[in-house]
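Below is one structure, written out as structure tokens, with a few remarks after it.
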């Protein structure tokens, strides 16, 4: 059996961090060597060493960090990955333009994947949208996204990313947003012409899909060459 990939979870106390810890324990190909949070209540939880963000420089050696934290904590994990020559998978949102520039600079030294959505299905949908837009020049393109009532941003980041894929294919997407109940996330990309319509739809029913996608990305990214990757680049 091959040596497990060593994972560091950054932002471990959050909802995504907790899902990552739970789901990583089910994968024999992954070994979580540490969990980093702003505050540490216990030094070891379920056999995993716990570190405060101020102790990030002292974590054990790792192959890839998975970061779902806050913008104010992002710089430290990026710098740590660069100094350790380790890969970085990040889903931290709200990053500044300077932090975006730092990501691009880091890709010359380490493999980096930043994404607003870690659903493998959405990664495939993004590819299909770009291909459909390219093949259906002149068709109307509409993106309808639905989420739970507590989601503030509209359109969603995923809808905008799908719109960017449509734009690469030559379409000019329009957006509509719905906020209702406890919908985890639904995205419909519709291409319409005279007498016909194509609908590409993704529905998320469980938030674990995002953690599973991040773990999948980490397992594929750890041994890659330096560069900036998309989730769809790591599907194979």
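Every number in this text was worked out from the coordinates using simple rules, so none of it is lab data. A quick note: this is a predicted structure, and the numbers were derived from the prediction, not measured. We place every Cβ from the backbone using ideal geometry, glycine too, and count neighbours over all the protein chains shown.
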### Summary
Debye calc, one equal point scatterer per Cα of segment 167-212, no solvent, log10 I(q)/I(0) at q = 0.19, 0.31 1/Å comes to -0.82, -1.20
#### Entry: Cα-projected label distance for residue 177 with residue 44, points at 7 Å along beta-carbon direction, nm
4.6 nm
### Query
Based on DSSP H runs of at least 4 residues, each adding -39500 (n - 2.57), what is the mean residue ellipticity at 222 nm of the chain after dividing by all its residues, to the nearest 500 deg cm²/dmol?
-10000 deg cm²/dmol
### Query
Please state the Cα pair-distance histogram of the chain with 5 angstrom bins from zero: what percent is in each bin?
1, 6, 14, 16, 18, 15, 12, 8, 5, 3, 1, 0, 0
#### Entry: DSSP bridge pairs, segment 120-204: antiparallel proportion in percent, nearest 5
75 percent
#### Entry: Nearest 10 degrees, 0 to 90: helix 15-24 Cα axis against the chain principal axis
70 degrees
### Query
Cα axis of helix 157-168 to longest principal axis of the chain: angle in degrees, 0 to 90, nearest 10?
60 degrees
#### Entry: Quarter of the Cα convex hull surface for segment 19-129, i.e. its orientation-mean projected area (nm²)
8.1 nm²
### Query
Ranked highest first by average number of other Cβ atoms within 10 Å, how do 183-196, 2-15 line up?
2-15, 183-196
### Query
If each of residue 134 and residue 107 carries a label point 7 Å out from its Cα toward its Cβ, how far apart are those two points in nm?
1.8 nm
### Query
What is the antiparallel percent of DSSP beta bridges lying wholly in the chain, to the nearest 5?
40 percent
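Treat the count of other C-beta atoms within 10 Å as a stand-in for reagent exposure and order 139, 114 from fewest to most.
139, 114
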### Virtual paramagnetic centre 7 Å along Cα→Cβ of residue 27, amide N under 11 Å, in segment 37-51
none
#### Entry: On Cα atoms only, tilt of 120-135 relative to the major axis of the chain in degrees
30 degrees
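Looking at the calculated P(r) for segment 120-204, what percent of the C-alpha pair distances fall above 14 Å?
Details: 2071 of 3570 pairs.
When all Cα pairs of segment 120-204 are counted, 58 percent exceed 14 Å.
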### Summary
When 168, 39 are arranged by how many other beta-carbons sit within 10 Å of their Cβ, fewest first, they go 39, 168
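Taking the number of other C-beta atoms within 10 Å as the exposure measure, put 182, 140 in order starting with the fewest.
Values: 182 8, 140 14.
Neighbour counts put them in this order, fewest first: 182, 140.
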